[in-house]
1. Mind checking which residues of region 150-200 are small (Gly, Ala, Ser), assigned to a helix (DSSP H, G or I) and farther than 15 Å from Phe210 by Cα?
2. I'm trying to understand the selection: among the residues of region 241-257, which are of a type in the set (Phe, Trp, Tyr) and touching a Leu at 6+ places or on another chain (Cβ under 6 Å)?
3. Given Tyr135, Tyr161, which one is among the aromatic types (Phe, Trp, Tyr) and without any contact (Cβ under 8 Å) to a residue 24 or more places away in the chain?
Amino acid sequence: MPAQCLCKKFFKPVVLLFSKVKYLSTKKKYVLLGRKKIYARKTMEQINYIYLRRLHDEECFGFLKFVVSTREDLPLDGEAEEGYTPELVAAWEKLEQAFGQFDLSLKKSLKNPGVAQAYECDAQRDKAWRTSNAYLKAMTEHPDEAIAAAARKAREIYVRYGNPTNLAQTKATGVYHNLLADIDQLSPEDKERSGIIPWYNRLRDWQNQFEEADSNRAEISGKRITGITRKARLEAETAYKNFVKTLNAHLLFRDGQPYTAFIKEVNAKMKEQKETLAKRKSLREKRKGKEEGGKEEGGKEEGVQ
């Protein structure tokens, strides 16, 4: 098989490493470099695939930032290191450069007053959650059992939804909305005894202010900032994909031990991102089902009339 077919039929990224490939055996899985046969390894752990385009900007940025932060787990500092290759270093440098431009574009967008206001409201909203959560946690140990019981009911709601302060803004907004709605369903007696009312009011106020600021941010930012960020993000995504292809190609014909720690960390982080995407898809489908159900009920009522 000609070396050109290597890209299309088998182990596509290998040409990044072996530019002088003369022949590839698809049955025995080896490449022929001159007279030397190099066999692909049968078992290897590679970096998994993730469709970055489905992530929100801040989620994509966070994932790429994590990847770049794990540089010390790769053999990039000299030929003396096991696993070092110029191709891997070149791909990594392009990734770092593209990520830097993505980071810069996001920071520029923060100069927009609408964006800065939204981030400030989000920070205050998170602070309101942390302080109210700490308050309720302490109140569950109140010596008055009636007060402690009421606090536990409110605290259970916080535990149910988990910590939203580490989530992307869009997802956190949904969590805060549901959390506030559930607290609002507590009986007046439990609200009064637990002392949650002022904490609830503060969290609700910052939630409302964030939603308003977020709306203004979208209106003010417009296409200009979106276009700048999108271009930088796409370039960062492309650089990441090329780096992954290069690293995975190394794993086909090299000892994977020097890359193991990096791969495990990235795959673990990727798993978290995929779980976020799965939850978002589930919520979207549930919301769509409710909307369709509401339309059907409305149609039936009209028919009865």
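1. Residues of region 150-200 small (Gly, Ala, Ser): 150-151, 154, 162, 168, 172, 174, 181, 187, 194-195.
In the following step, the residues that additionally are assigned to a helix (DSSP H, G or I) were identified as 150-151, 154, 172, 174, 181, 194.
The answer is Ala150, Ala151, Ala154, Ala181, Ser194.
2. Going residue by residue through region 241-257, those that are of a type in the set (Phe, Trp, Tyr) are 243, 253.
Phe243 - this is the single residue of region 241-257 that is of a type in the set (Phe, Trp, Tyr) and touching a Leu at 6+ places or on another chain (Cβ under 6 Å).
3. Numbers: Tyr135 fails: without any contact (Cβ under 8 Å) to a residue 24 or more places away in the chain.
Answer to the check: Tyr161.
A quick yes/no check of all residues on (1) touching a Cys at 6+ places or on another chain (Cβ under 8 Å); (2) buried (at least 17 other Cβ atoms within 10 Å of the Cβ); (3) among the hydrophobic types (A, V, I, L, M, F, W, C):
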residue: Leu167; (1), (2), (3): no, yes, yes
residue: Ala172; (1), (2), (3): no, yes, yes
residue: Leu179; (1), (2), (3): no, yes, yes
residue: Leu186; (1), (2), (3): no, yes, yes
residue: Arg193; (1), (2), (3): no, yes, no
residue: Tyr200; (1), (2), (3): no, yes, no
residue: Asn208; (1), (2), (3): no, no, no
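Residues checked against (1) out of contact with any Asp or Glu (no Cβ under 7 Å at 6 or more places or on another chain); (2) at positive phi; (3) of a type outside the set (Gly, Ala, Ser); (4) at pLDDT 85 or above:
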{"site": "Gln209", "(1), (2), (3), (4)": "yes, no, yes, yes"}
{"site": "Ile220", "(1), (2), (3), (4)": "yes, no, yes, no"}
{"site": "Ile228", "(1), (2), (3), (4)": "yes, no, yes, no"}
{"site": "Ala236", "(1), (2), (3), (4)": "yes, no, no, yes"}
{"site": "Lys245", "(1), (2), (3), (4)": "yes, no, yes, yes"}
{"site": "Lys281", "(1), (2), (3), (4)": "yes, no, yes, no"}
{"site": "Val304", "(1), (2), (3), (4)": "yes, no, yes, no"}
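Table: residues versus (1) aliphatic (A, V, I, L, M); (2) modelled with pLDDT under 95.
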position	(1), (2)
Ile225	yes, yes
Arg233	no, yes
Tyr240	no, no
His250	no, yes
Pro258	no, yes
Ala261	yes, yes
Lys269	no, yes
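The values are calculated or read from the model by the stated rules, or taken from the named source; none is laboratory data. What you see is a predicted model; the values in this text were computed from it and never measured. Here Cβ is always computed from backbone atoms with ideal geometry, including for glycine, and neighbour counts include all displayed protein chains.
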